[in-house]
């Protein structure tokens, strides 16, 4: 997180994209710096209670779009989705017919729309 904070310190209104543990890092950065994030895109985010203490953060209104595979055997879809809805008030959480890698899903996404 120290490296991420150092890299992102110079500019505002980032569109952050994070997958798995990178999704956790993107979520934490957004929770700590909501005014610096324009949008957060999460791919099978590692949002688990043992790592992400909900008591430390107030929900933020940054637009968040998440994609999570129904066949994810690394991060439980239900747990991550529940955590996400507690942390973000402006969220769209999508479940897909994919696994943790989201290889099929990533190929089908409209990235121009997502990063605009």
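Please treat every number below as a calculation from the coordinates, not as lab data. Because the structure is a prediction, the values reported are computed rather than measured. Note: ideal-geometry Cβ built from the backbone for every residue, glycine included; neighbour counts use all protein chains shown.
Brief remarks follow.
- Difference of contour (0.36 nm per residue) and Cα-Cα distance, residue 76 to residue 10: 20.3 nm
- Length-normalised contact order of the chain in % [C-alpha pairs under 8 Å, at least 6 apart]: 23 percent
- FRET E, pair residue 50, residue 101, Förster distance 25 Å, beta-carbon r, rounded to 0.05: 0.65
- Identified option (computed Cα extents along the principal axes in Å; candidates (1) 37, 33, 25; (2) 45, 25, 22; (3) 43, 35, 30): (1)
- Distance between segment 37-89 and segment 1-24 - C-alpha centres, whole angstrom: 15 Å
- Dmax and Rg, reported as Rg then Dmax, of segment 64-116 (C-alpha, Å): 11.4, 31
- Estimated [θ] at 222 nm from DSSP helical runs (n ≥ 4, -39500 (n - 2.57)) normalised by residues in the chain, nearest 500: -9000 deg cm²/dmol
- Rounded to the nearest 10 degrees, the inclination of helix 77-87 to the longest alpha-carbon principal axis of the chain is 20 degrees.
- Percent of beta bridges antiparallel (DSSP, segment 2-114, rounded to nearest 5): 0 percent
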